[in-house]
1. How much solvent-accessible surface does residue B:220 expose, in Å² to the nearest 10, with a 1.4 Å probe and all protein chains in place?
2. Hey, got the dipole for segment B:1-153? About the Cα centre, +1 on K and R Cβ, -1 on D and E Cβ, debye to the nearest 20?
3. Which loop-located trypsin sites (Lys or Arg not before Pro) does segment A:128-176 contain, where loop means any DSSP state but H, G, I, E or B and the Cβ has at most 14 other Cβ atoms within 10 Å?
4. Semi-axes of the equivalent ellipsoid for segment A:77-137, please: Cα gyration tensor eigenvalues, times 5, square-rooted, ordered largest first, whole Å.
5. Considering only protein heavy atoms and a probe of 1.4 Å, how much of the accessible area of segment B:2-279 is carbon and sulfur, as a whole percent?
6. Taking the Cα centre of the protein assembly as shown as origin and charging only Cβ (+1 Lys, Arg; -1 Asp, Glu), how large is the dipole, in debye to the nearest 20?
7. Rg/Rh for segment A:79-216 to two decimals, with Rh computed the Kirkwood way over all alpha-carbon pairs.
8. Need one number: the % of Cα-Cα pairs in the protein assembly as shown sitting beyond the 37 Å mark.
Amino acid sequence: MKYRPDECLCSKFLYKMNGNAVEVKNVSFSYTGRPVLEDITFSIPEKGFIALIGPNGGGKTTLLKLMAGLLTPDQGTISVFGSPPKKAFRRIGYVPQEIHTNKDFPITVGDVVLMGRLKPFNGYGRSRKDVDIVRESLEQMGVAPFHKKRIGELSGGQRQKVFIARALAGKPDILFLDEPTSSVDSQSRRDLYRTLKELNNSVTIVLASHDLMMLSNFVKSVACVNRTLHCHDNTCIESDMADTYQCPMELISAKTLRPGAAD
Amino acid sequence: MLEILQFEFMRNALFTGLLAGITCGVIGSLVIVNRIVFISGGIAHAAYGGIGIAVFFGLPYLLGVVGFSILCAIVMALVTLKEKHRADTIIGVIWALGMALGVILLDLTPGYNVDLMSYLFGSILTVPKSELWMISGVTVLTVAVVSVFYLDFQAMAYDEEFSRLKGVPVNFLYCLLLCLIALCVVTLIRIVGLILVIALLTIPPYIAEKYAGSLKTTMIWAAVLSTLFTWAGLWLSYTLNLTSGATIILVGGCCFFISLFTDKLLVRLRENAQKSDKAA
(Lines give C-alpha, C1' and ligand atoms only; values in the text may rest on other atoms or scores of the structure.)
Protein backbone atom coordinates (compact mmCIF):
# COMPACT_ATOMS: atom_id res chain seq x y z
CA MET A 1 0.00 0.00 0.00
CA LYS A 2 1.46 3.28 -1.07
CA TYR A 3 0.49 6.35 0.87
CA ARG A 4 0.90 9.45 -1.19
CA PRO A 5 2.66 12.15 0.83
CA ASP A 6 -0.12 14.66 0.35
CA GLU A 7 -2.61 12.09 1.60
CA CYS A 8 -0.42 11.47 4.58
CA LEU A 9 -0.16 15.16 5.37
CA CYS A 10 -3.86 15.53 4.89
CA SER A 11 -4.65 12.81 7.42
CA LYS A 12 -2.14 14.31 9.88
CA PHE A 13 -3.93 17.61 9.49
CA LEU A 14 -7.31 15.96 9.94
CA TYR A 15 -6.07 14.23 13.06
CA LYS A 16 -5.01 17.55 14.55
CA MET A 17 -8.31 19.09 13.56
CA ASN A 18 -10.78 16.55 14.86
CA GLY A 19 -8.66 14.36 17.11
CA ASN A 20 -9.91 11.10 15.66
CA ALA A 21 -7.76 8.15 16.69
CA VAL A 22 -8.66 6.14 13.60
CA GLU A 23 -9.83 7.30 10.19
CA VAL A 24 -10.91 4.65 7.72
CA LYS A 25 -11.76 5.94 4.27
CA ASN A 26 -13.31 3.91 1.43
CA VAL A 27 -11.44 0.78 2.42
CA SER A 28 -11.95 -2.46 0.52
CA PHE A 29 -10.21 -5.75 1.10
CA SER A 30 -10.40 -9.19 -0.46
CA TYR A 31 -8.80 -12.55 0.22
CA THR A 32 -7.80 -14.26 -3.05
CA GLY A 33 -10.47 -12.46 -5.02
CA ARG A 34 -13.27 -12.95 -2.48
CA PRO A 35 -14.34 -9.54 -1.18
CA VAL A 36 -14.40 -9.40 2.61
CA LEU A 37 -14.88 -5.70 3.15
CA GLU A 38 -16.30 -3.19 0.72
CA ASP A 39 -16.06 0.56 0.83
CA ILE A 40 -15.78 0.97 4.58
CA THR A 41 -15.69 4.52 5.90
CA PHE A 42 -15.80 5.44 9.54
CA SER A 43 -13.78 7.07 12.27
CA ILE A 44 -13.12 6.41 15.92
CA PRO A 45 -12.67 9.41 18.21
CA GLU A 46 -9.80 9.52 20.66
CA LYS A 47 -10.74 7.77 23.94
CA GLY A 48 -13.52 6.02 22.04
CA PHE A 49 -14.69 2.56 23.05
CA ILE A 50 -16.20 0.84 20.05
CA ALA A 51 -17.48 -2.70 19.65
CA LEU A 52 -17.45 -4.38 16.25
CA ILE A 53 -20.22 -6.92 16.03
CA GLY A 54 -21.40 -9.08 13.17
CA PRO A 55 -21.60 -12.66 11.98
CA ASN A 56 -18.60 -14.97 11.74
CA GLY A 57 -16.85 -14.35 8.45
CA GLY A 58 -18.36 -10.89 8.32
CA GLY A 59 -14.93 -9.26 8.37
CA LYS A 60 -14.50 -8.16 11.98
CA THR A 61 -11.06 -9.72 12.36
CA THR A 62 -10.00 -8.45 8.95
CA LEU A 63 -11.04 -4.92 9.82
CA LEU A 64 -9.12 -5.09 13.11
CA LYS A 65 -6.03 -6.41 11.34
CA LEU A 66 -6.27 -3.66 8.73
CA MET A 67 -6.42 -0.99 11.42
CA ALA A 68 -3.58 -2.60 13.36
CA GLY A 69 -1.43 -2.62 10.23
CA LEU A 70 -1.18 -6.40 9.91
CA LEU A 71 -2.96 -6.27 6.55
CA THR A 72 -2.94 -3.56 3.90
CA PRO A 73 -6.17 -2.52 2.19
CA ASP A 74 -6.70 -3.15 -1.54
CA GLN A 75 -8.27 0.27 -1.82
CA GLY A 76 -8.76 3.25 0.42
CA THR A 77 -6.71 4.62 3.27
CA ILE A 78 -6.48 4.04 6.98
CA SER A 79 -4.78 6.36 9.38
CA VAL A 80 -4.12 5.80 13.05
CA PHE A 81 -3.28 8.98 14.95
CA GLY A 82 -2.68 10.64 11.63
CA SER A 83 -0.18 8.16 10.21
CA PRO A 84 -0.46 4.88 8.31
CA PRO A 85 -0.95 2.03 10.82
CA LYS A 86 2.46 0.52 10.07
CA LYS A 87 4.15 3.77 11.07
CA ALA A 88 2.05 4.14 14.19
CA PHE A 89 2.96 0.66 15.46
CA ARG A 90 4.47 1.95 18.69
CA ARG A 91 1.10 3.38 19.67
CA ILE A 92 -0.90 0.27 18.76
CA GLY A 93 -1.68 -2.65 21.05
CA TYR A 94 -3.13 -5.80 19.53
CA VAL A 95 -4.68 -8.84 21.20
CA PRO A 96 -5.17 -11.73 18.78
CA GLN A 97 -8.17 -14.01 18.79
CA GLU A 98 -6.26 -17.25 18.64
CA ILE A 99 -4.65 -17.88 21.99
CA HIS A 100 -4.15 -21.63 21.75
CA THR A 101 -1.36 -21.62 19.21
CA ASN A 102 2.06 -22.67 20.42
CA LYS A 103 0.81 -23.79 23.83
CA ASP A 104 3.82 -26.06 24.27
CA PHE A 105 6.33 -23.32 23.54
CA PRO A 106 8.99 -23.16 26.26
CA ILE A 107 8.30 -19.64 27.47
CA THR A 108 7.17 -18.16 30.78
CA VAL A 109 4.21 -15.84 31.25
CA GLY A 110 6.59 -13.01 32.16
CA ASP A 111 8.56 -13.48 28.94
CA VAL A 112 5.38 -13.45 26.85
CA VAL A 113 4.43 -10.10 28.36
CA LEU A 114 7.99 -8.84 27.91
CA MET A 115 7.38 -9.37 24.18
CA GLY A 116 5.14 -6.32 24.40
CA ARG A 117 8.28 -4.27 25.12
CA LEU A 118 10.09 -5.75 22.13
CA LYS A 119 12.37 -3.49 20.19
CA PRO A 120 13.94 -5.21 17.21
CA PHE A 121 17.66 -6.10 17.37
CA ASN A 122 17.92 -5.73 21.09
CA GLY A 123 19.35 -9.15 21.94
CA TYR A 124 18.57 -10.12 25.52
CA GLY A 125 17.96 -6.47 26.31
CA ARG A 126 15.50 -5.74 29.08
CA SER A 127 15.86 -2.57 31.07
CA ARG A 128 14.75 -1.93 34.64
CA LYS A 129 11.90 0.05 33.13
CA ASP A 130 10.81 -2.88 30.95
CA VAL A 131 10.72 -5.21 33.94
CA ASP A 132 8.67 -2.69 35.93
CA ILE A 133 6.19 -2.17 33.11
CA VAL A 134 5.84 -5.93 32.64
CA ARG A 135 5.06 -6.38 36.35
CA GLU A 136 2.62 -3.49 36.23
CA SER A 137 0.75 -4.95 33.22
CA LEU A 138 0.63 -8.39 34.83
CA GLU A 139 -0.83 -6.89 38.00
CA GLN A 140 -3.30 -4.81 36.05
CA MET A 141 -4.70 -7.96 34.46
CA GLY A 142 -4.50 -9.94 37.69
CA VAL A 143 -2.11 -12.57 36.39
CA ALA A 144 1.02 -11.50 38.28
CA PRO A 145 1.11 -14.68 40.44
CA PHE A 146 1.70 -16.80 37.32
CA HIS A 147 4.60 -14.82 35.88
CA LYS A 148 7.11 -17.65 36.33
CA LYS A 149 4.81 -20.39 34.99
CA ARG A 150 5.03 -21.78 31.51
CA ILE A 151 2.33 -20.29 29.29
CA GLY A 152 0.87 -23.72 28.50
CA GLU A 153 0.08 -24.39 32.17
CA LEU A 154 -2.49 -21.59 32.28
CA SER A 155 -6.19 -21.92 31.53
CA GLY A 156 -7.67 -20.30 28.43
CA GLY A 157 -9.04 -17.36 30.36
CA GLN A 158 -5.79 -16.73 32.17
CA ARG A 159 -3.91 -16.92 28.90
CA GLN A 160 -6.28 -14.39 27.39
CA LYS A 161 -5.43 -11.99 30.21
CA VAL A 162 -1.73 -12.57 29.63
CA PHE A 163 -2.17 -11.57 25.99
CA ILE A 164 -3.97 -8.40 26.99
CA ALA A 165 -1.15 -7.69 29.48
CA ARG A 166 1.33 -8.20 26.62
CA ALA A 167 -0.49 -5.59 24.55
CA LEU A 168 -0.62 -3.22 27.54
CA ALA A 169 3.10 -3.61 28.15
CA GLY A 170 3.68 -1.76 24.88
CA LYS A 171 2.00 1.28 26.50
CA PRO A 172 -0.39 1.70 23.57
CA ASP A 173 -2.66 4.66 22.91
CA ILE A 174 -5.10 2.43 21.08
CA LEU A 175 -5.96 -1.17 21.83
CA PHE A 176 -7.43 -3.61 19.29
CA LEU A 177 -8.92 -6.74 20.82
CA ASP A 178 -10.22 -9.63 18.75
CA GLU A 179 -12.92 -11.48 20.70
CA PRO A 180 -11.10 -11.13 24.01
CA THR A 181 -13.76 -13.03 25.92
CA SER A 182 -13.99 -16.12 23.74
CA SER A 183 -12.58 -18.43 26.41
CA VAL A 184 -13.60 -16.62 29.58
CA ASP A 185 -16.49 -17.47 31.91
CA SER A 186 -19.19 -14.88 32.45
CA GLN A 187 -17.92 -13.57 35.80
CA SER A 188 -14.40 -12.97 34.44
CA ARG A 189 -16.00 -11.47 31.37
CA ARG A 190 -17.56 -8.76 33.45
CA ASP A 191 -14.25 -8.17 35.28
CA LEU A 192 -12.47 -7.94 31.97
CA TYR A 193 -14.88 -5.35 30.60
CA ARG A 194 -14.57 -3.40 33.83
CA THR A 195 -10.80 -3.40 33.46
CA LEU A 196 -11.16 -2.27 29.86
CA LYS A 197 -13.48 0.51 30.90
CA GLU A 198 -10.87 1.76 33.38
CA LEU A 199 -8.23 1.59 30.68
CA ASN A 200 -10.51 3.55 28.41
CA ASN A 201 -9.79 6.65 30.53
CA SER A 202 -6.45 6.88 28.78
CA VAL A 203 -6.65 4.46 25.83
CA THR A 204 -8.89 4.20 22.78
CA ILE A 205 -10.38 0.70 22.61
CA VAL A 206 -11.71 -1.22 19.62
CA LEU A 207 -12.97 -4.73 20.16
CA ALA A 208 -14.62 -7.41 18.13
CA SER A 209 -17.07 -9.39 20.17
CA HIS A 210 -20.15 -11.55 20.27
CA ASP A 211 -21.54 -10.81 23.70
CA LEU A 212 -23.38 -7.64 23.03
CA MET A 213 -25.61 -8.03 26.06
CA MET A 214 -22.81 -7.45 28.49
CA LEU A 215 -20.89 -5.10 26.24
CA SER A 216 -23.67 -2.57 25.95
CA ASN A 217 -23.06 -1.47 29.53
CA PHE A 218 -19.47 -0.59 28.78
CA VAL A 219 -18.94 0.53 25.20
CA LYS A 220 -19.55 4.00 23.80
CA SER A 221 -20.49 2.92 20.29
CA VAL A 222 -21.26 -0.15 18.24
CA ALA A 223 -20.49 -0.89 14.62
CA CYS A 224 -21.98 -3.78 12.74
CA VAL A 225 -19.58 -5.36 10.26
CA ASN A 226 -20.84 -7.64 7.52
CA ARG A 227 -18.85 -6.83 4.42
CA THR A 228 -20.13 -3.29 4.81
CA LEU A 229 -20.25 -1.35 8.01
CA HIS A 230 -22.88 0.56 9.86
CA CYS A 231 -21.95 2.78 12.73
CA HIS A 232 -23.99 3.63 15.78
CA ASP A 233 -22.90 6.44 17.99
CA ASN A 234 -24.99 5.28 20.86
CA THR A 235 -25.38 1.67 21.81
CA CYS A 236 -29.05 1.65 20.94
CA ILE A 237 -29.57 -1.18 18.53
CA GLU A 238 -32.39 -0.70 16.08
CA SER A 239 -34.31 -3.67 14.86
CA ASP A 240 -33.75 -2.79 11.21
CA MET A 241 -30.06 -3.56 11.69
CA ALA A 242 -30.93 -7.21 11.54
CA ASP A 243 -32.40 -6.88 8.08
CA THR A 244 -30.05 -4.34 6.61
CA TYR A 245 -26.77 -5.65 7.89
CA GLN A 246 -27.61 -9.29 8.48
CA CYS A 247 -26.34 -9.27 11.98
CA PRO A 248 -27.46 -12.42 13.69
CA MET A 249 -30.81 -11.86 15.32
CA GLU A 250 -29.76 -13.06 18.76
CA LEU A 251 -27.17 -10.28 18.95
CA ILE A 252 -29.79 -7.68 18.29
CA SER A 253 -32.43 -9.14 20.54
CA ALA A 254 -29.93 -9.66 23.31
CA LYS A 255 -29.74 -5.90 23.63
CA THR A 256 -33.45 -5.24 23.57
CA LEU A 257 -34.01 -7.87 26.19
CA ARG A 258 -32.39 -6.52 29.30
CA PRO A 259 -30.43 -9.03 31.37
CA GLY A 260 -32.89 -10.90 33.49
CA ALA A 261 -35.87 -10.08 31.31
CA ALA A 262 -35.13 -13.08 29.13
CA ASP A 263 -36.15 -15.62 31.75
CA MET B 1 38.19 -45.83 29.68
CA LEU B 2 40.72 -43.02 30.05
CA GLU B 3 43.27 -44.68 27.80
CA ILE B 4 41.27 -43.68 24.73
CA LEU B 5 42.15 -40.07 25.49
CA GLN B 6 45.76 -40.85 24.63
CA PHE B 7 44.96 -40.79 20.94
CA GLU B 8 44.94 -37.41 19.31
CA PHE B 9 42.14 -38.41 16.93
CA MET B 10 40.02 -39.32 19.94
CA ARG B 11 40.69 -35.98 21.63
CA ASN B 12 39.79 -34.22 18.37
CA ALA B 13 36.64 -36.29 18.08
CA LEU B 14 35.56 -35.43 21.63
CA PHE B 15 36.22 -31.74 21.02
CA THR B 16 34.30 -31.94 17.73
CA GLY B 17 31.44 -33.57 19.61
CA LEU B 18 31.36 -30.66 22.04
CA LEU B 19 31.33 -28.05 19.26
CA ALA B 20 28.73 -29.96 17.25
CA GLY B 21 26.69 -30.31 20.43
CA ILE B 22 26.67 -26.56 21.10
CA THR B 23 25.73 -25.69 17.50
CA CYS B 24 23.06 -28.39 17.32
CA GLY B 25 21.64 -27.39 20.71
CA VAL B 26 21.23 -23.75 19.71
CA ILE B 27 20.07 -24.26 16.12
CA GLY B 28 18.07 -27.41 16.91
CA SER B 29 16.01 -25.60 19.56
CA LEU B 30 15.14 -22.91 17.01
CA VAL B 31 14.33 -25.61 14.46
CA ILE B 32 11.82 -27.38 16.67
CA VAL B 33 10.11 -24.29 18.10
CA ASN B 34 9.70 -22.94 14.58
CA ARG B 35 8.57 -26.43 13.42
CA ILE B 36 10.92 -26.48 10.48
CA VAL B 37 12.43 -29.95 10.89
CA PHE B 38 11.32 -30.83 7.38
CA ILE B 39 13.04 -27.77 5.90
CA SER B 40 16.22 -28.61 7.83
CA GLY B 41 16.10 -32.15 6.46
CA GLY B 42 15.62 -30.69 3.00
CA ILE B 43 18.64 -28.41 3.34
CA ALA B 44 20.81 -31.22 4.70
CA HIS B 45 19.97 -33.61 1.86
CA ALA B 46 20.03 -30.99 -0.87
CA ALA B 47 23.56 -30.15 0.32
CA TYR B 48 24.61 -33.42 -1.31
CA GLY B 49 24.10 -31.64 -4.63
CA GLY B 50 26.72 -29.16 -3.51
CA ILE B 51 29.20 -31.99 -2.91
CA GLY B 52 28.54 -33.22 -6.46
CA ILE B 53 29.05 -29.74 -7.92
CA ALA B 54 32.28 -29.22 -5.98
CA VAL B 55 33.73 -32.54 -7.13
CA PHE B 56 32.55 -32.33 -10.76
CA PHE B 57 33.76 -28.80 -11.39
CA GLY B 58 36.87 -29.22 -9.28
CA LEU B 59 35.86 -26.46 -6.88
CA PRO B 60 36.94 -26.39 -3.25
CA TYR B 61 34.62 -28.65 -1.24
CA LEU B 62 33.45 -25.92 1.14
CA LEU B 63 32.70 -23.39 -1.59
CA GLY B 64 30.49 -25.88 -3.42
CA VAL B 65 28.60 -27.18 -0.41
CA VAL B 66 28.17 -23.93 1.50
CA GLY B 67 27.21 -22.02 -1.65
CA PHE B 68 24.71 -24.61 -2.83
CA SER B 69 23.03 -25.21 0.53
CA ILE B 70 22.68 -21.51 1.29
CA LEU B 71 21.13 -21.11 -2.15
CA CYS B 72 18.68 -23.96 -1.36
CA ALA B 73 17.99 -22.46 2.08
CA ILE B 74 17.12 -19.06 0.59
CA VAL B 75 14.89 -20.61 -2.06
CA MET B 76 13.08 -22.61 0.63
CA ALA B 77 12.76 -19.53 2.84
CA LEU B 78 11.22 -17.49 0.01
CA VAL B 79 8.85 -20.29 -0.95
CA THR B 80 7.70 -20.76 2.66
CA LEU B 81 7.17 -17.04 3.17
CA LYS B 82 5.29 -16.63 -0.11
CA GLU B 83 3.26 -19.79 -0.43
CA LYS B 84 2.87 -21.45 2.91
CA HIS B 85 0.34 -24.06 1.86
CA ARG B 86 2.46 -25.46 -0.96
CA ALA B 87 5.80 -25.07 0.78
CA ASP B 88 6.18 -28.67 1.98
CA THR B 89 5.77 -30.08 -1.53
CA ILE B 90 8.36 -27.75 -3.00
CA ILE B 91 10.79 -28.44 -0.16
CA GLY B 92 10.34 -32.17 -0.79
CA VAL B 93 11.17 -31.65 -4.45
CA ILE B 94 14.32 -29.62 -3.68
CA TRP B 95 15.31 -32.27 -1.11
CA ALA B 96 15.20 -35.07 -3.69
CA LEU B 97 16.56 -33.07 -6.62
CA GLY B 98 19.59 -31.88 -4.68
CA MET B 99 20.44 -35.39 -3.63
CA ALA B 100 19.92 -36.80 -7.16
CA LEU B 101 22.03 -34.02 -8.67
CA GLY B 102 24.84 -34.92 -6.30
CA VAL B 103 24.73 -38.62 -7.15
CA ILE B 104 24.65 -38.01 -10.94
CA LEU B 105 27.46 -35.44 -10.85
CA LEU B 106 29.63 -37.84 -8.87
CA ASP B 107 28.81 -40.58 -11.42
CA LEU B 108 29.93 -38.30 -14.23
CA THR B 109 33.20 -37.37 -12.56
CA PRO B 110 35.89 -39.51 -14.11
CA GLY B 111 37.91 -41.65 -11.76
CA TYR B 112 36.13 -40.44 -8.68
CA ASN B 113 34.46 -42.92 -6.43
CA VAL B 114 33.08 -41.18 -3.41
CA ASP B 115 31.82 -43.08 -0.43
CA LEU B 116 28.20 -42.06 0.00
CA MET B 117 28.08 -43.65 3.44
CA SER B 118 30.66 -41.29 4.89
CA TYR B 119 28.44 -38.32 4.00
CA LEU B 120 25.33 -39.96 5.40
CA PHE B 121 26.84 -41.08 8.68
CA GLY B 122 30.04 -39.07 8.75
CA SER B 123 33.32 -40.05 10.30
CA ILE B 124 33.90 -38.10 13.46
CA LEU B 125 37.12 -40.04 14.12
CA THR B 126 38.89 -38.65 11.06
CA VAL B 127 38.32 -34.93 11.60
CA PRO B 128 41.43 -33.04 10.51
CA LYS B 129 42.73 -30.04 12.52
CA SER B 130 41.81 -27.64 9.71
CA GLU B 131 38.14 -28.61 9.92
CA LEU B 132 38.18 -28.28 13.68
CA TRP B 133 39.00 -24.60 13.17
CA MET B 134 36.13 -24.23 10.76
CA ILE B 135 33.64 -25.89 13.11
CA SER B 136 34.83 -23.66 15.94
CA GLY B 137 34.21 -20.66 13.70
CA VAL B 138 30.69 -21.77 12.84
CA THR B 139 29.93 -22.49 16.51
CA VAL B 140 31.08 -19.01 17.57
CA LEU B 141 29.17 -17.39 14.70
CA THR B 142 25.99 -19.29 15.51
CA VAL B 143 26.06 -18.46 19.21
CA ALA B 144 26.87 -14.81 18.46
CA VAL B 145 24.10 -14.31 15.90
CA VAL B 146 21.49 -16.06 18.03
CA SER B 147 22.49 -14.02 21.10
CA VAL B 148 22.18 -10.75 19.21
CA PHE B 149 18.74 -11.65 17.80
CA TYR B 150 17.57 -13.81 20.70
CA LEU B 151 14.40 -11.92 21.65
CA ASP B 152 13.53 -11.39 17.99
CA PHE B 153 13.93 -15.09 17.21
CA GLN B 154 11.87 -15.99 20.26
CA ALA B 155 9.09 -13.58 19.31
CA MET B 156 9.09 -14.75 15.70
CA ALA B 157 8.79 -18.39 16.71
CA TYR B 158 6.15 -17.76 19.35
CA ASP B 159 3.90 -15.30 17.57
CA GLU B 160 4.92 -14.23 14.10
CA GLU B 161 2.01 -11.85 13.65
CA PHE B 162 2.68 -10.02 16.89
CA SER B 163 6.37 -9.66 16.18
CA ARG B 164 5.60 -8.21 12.75
CA LEU B 165 3.40 -5.70 14.54
CA LYS B 166 6.31 -4.78 16.80
CA GLY B 167 8.47 -4.04 13.79
CA VAL B 168 10.56 -7.23 13.88
CA PRO B 169 11.88 -7.93 10.37
CA VAL B 170 10.41 -11.43 10.29
CA ASN B 171 11.25 -12.20 6.65
CA PHE B 172 14.89 -11.25 7.13
CA LEU B 173 15.18 -13.25 10.36
CA TYR B 174 13.58 -16.29 8.76
CA CYS B 175 16.08 -16.22 5.88
CA LEU B 176 18.89 -15.69 8.38
CA LEU B 177 17.73 -18.68 10.42
CA LEU B 178 17.61 -20.97 7.38
CA CYS B 179 21.09 -19.79 6.33
CA LEU B 180 22.36 -20.59 9.84
CA ILE B 181 20.79 -24.05 9.56
CA ALA B 182 22.51 -24.52 6.19
CA LEU B 183 25.85 -23.46 7.63
CA CYS B 184 25.39 -25.69 10.66
CA VAL B 185 24.38 -28.67 8.52
CA VAL B 186 27.19 -28.44 5.99
CA THR B 187 29.96 -28.01 8.47
CA LEU B 188 28.74 -31.04 10.33
CA ILE B 189 28.11 -33.32 7.34
CA ARG B 190 31.72 -34.43 6.92
CA ILE B 191 32.03 -34.95 10.63
CA VAL B 192 28.79 -36.50 11.78
CA GLY B 193 26.91 -37.10 8.52
CA LEU B 194 23.73 -35.54 7.26
CA ILE B 195 21.40 -38.09 8.85
CA LEU B 196 23.05 -37.60 12.22
CA VAL B 197 22.74 -33.83 11.87
CA ILE B 198 18.97 -34.16 11.71
CA ALA B 199 18.95 -36.58 14.64
CA LEU B 200 21.08 -34.22 16.72
CA LEU B 201 19.01 -31.20 15.65
CA THR B 202 15.75 -32.75 16.81
CA ILE B 203 16.17 -35.30 19.62
CA PRO B 204 18.05 -33.24 22.25
CA PRO B 205 15.86 -30.11 21.96
CA TYR B 206 12.74 -32.28 21.95
CA ILE B 207 13.74 -33.77 25.30
CA ALA B 208 15.02 -30.45 26.69
CA GLU B 209 11.96 -28.44 25.66
CA LYS B 210 9.66 -30.48 27.89
CA TYR B 211 11.52 -29.57 31.05
CA ALA B 212 12.99 -26.16 30.25
CA GLY B 213 11.23 -22.95 31.26
CA SER B 214 12.46 -20.86 28.38
CA LEU B 215 13.94 -21.05 24.92
CA LYS B 216 17.34 -20.17 26.34
CA THR B 217 17.38 -23.03 28.84
CA THR B 218 16.09 -25.34 26.10
CA MET B 219 19.14 -24.38 24.04
CA ILE B 220 21.54 -24.94 26.92
CA TRP B 221 20.11 -28.33 27.91
CA ALA B 222 19.88 -29.40 24.29
CA ALA B 223 23.55 -28.52 23.84
CA VAL B 224 24.47 -30.54 26.94
CA LEU B 225 22.41 -33.52 25.78
CA SER B 226 23.82 -33.43 22.21
CA THR B 227 27.33 -33.39 23.59
CA LEU B 228 26.60 -36.25 25.98
CA PHE B 229 25.00 -38.32 23.21
CA THR B 230 28.01 -37.78 20.97
CA TRP B 231 30.48 -38.69 23.70
CA ALA B 232 28.51 -41.71 24.87
CA GLY B 233 28.14 -42.89 21.28
CA LEU B 234 31.85 -42.44 20.66
CA TRP B 235 32.78 -44.42 23.74
CA LEU B 236 30.34 -47.22 22.83
CA SER B 237 31.53 -47.37 19.25
CA TYR B 238 35.13 -47.58 20.51
CA THR B 239 34.51 -50.35 23.04
CA LEU B 240 32.11 -52.36 20.85
CA ASN B 241 33.93 -51.61 17.58
CA LEU B 242 30.88 -50.15 15.80
CA THR B 243 30.39 -47.32 13.29
CA SER B 244 30.61 -44.12 15.34
CA GLY B 245 27.94 -42.02 13.59
CA ALA B 246 25.26 -44.71 13.73
CA THR B 247 26.08 -45.49 17.37
CA ILE B 248 25.61 -41.83 18.31
CA ILE B 249 22.21 -41.80 16.57
CA LEU B 250 21.18 -44.97 18.40
CA VAL B 251 22.17 -43.50 21.78
CA GLY B 252 20.06 -40.42 20.99
CA GLY B 253 17.18 -42.59 19.76
CA CYS B 254 17.23 -44.72 22.90
CA CYS B 255 17.16 -41.61 25.11
CA PHE B 256 14.27 -40.28 23.00
CA PHE B 257 12.19 -43.39 23.76
CA ILE B 258 13.29 -43.51 27.39
CA SER B 259 12.11 -39.90 27.80
CA LEU B 260 8.76 -40.71 26.15
CA PHE B 261 8.36 -43.72 28.42
CA THR B 262 9.26 -41.89 31.65
CA ASP B 263 6.82 -39.10 30.75
CA LYS B 264 4.02 -41.63 30.37
CA LEU B 265 5.06 -43.26 33.62
CA LEU B 266 5.12 -39.94 35.48
CA VAL B 267 1.66 -39.03 34.23
CA ARG B 268 0.39 -42.45 35.31
CA LEU B 269 1.99 -42.09 38.75
CA ARG B 270 0.55 -38.61 39.21
CA GLU B 271 -2.92 -39.82 38.27
CA ASN B 272 -2.65 -42.69 40.73
CA ALA B 273 -1.49 -40.32 43.45
CA GLN B 274 -4.47 -38.07 42.77
CA LYS B 275 -6.83 -41.04 42.87
CA SER B 276 -5.47 -42.24 46.20
CA ASP B 277 -5.71 -38.66 47.51
CA LYS B 278 -9.35 -38.58 46.60
CA ALA B 279 -9.93 -42.03 48.10
CA ALA B 280 -8.33 -40.87 51.34
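The values are calculated or read from the model by the stated rules, or taken from the named source; none is laboratory data. All values reported here derive from a predicted model rather than from experimental measurement. Positions of Cβ are backbone-derived with ideal geometry, glycine not excepted, and every protein chain shown enters the neighbour counts. Accessible surface is based on the protein model in full, side chains and every heavy atom, while ligands, DNA and RNA are left aside. Shrake-Rupley method; radii C 1.70, N 1.55, O 1.52, S 1.80 Å.
1. Here the accessible area works out near 100 Å².
2. 340 debye
3. Answer by residue number: A:148.
4. 24, 18, 11
5. Ligands and nucleic acids excluded, carbon and sulfur reach 72 percent.
6. Dipole about the Cα centre, nearest 20: 1020 debye.
7. Checking Rg against Rh, the ratio lands at 0.95.
8. It works out to 44 percent of all Cα pairs.
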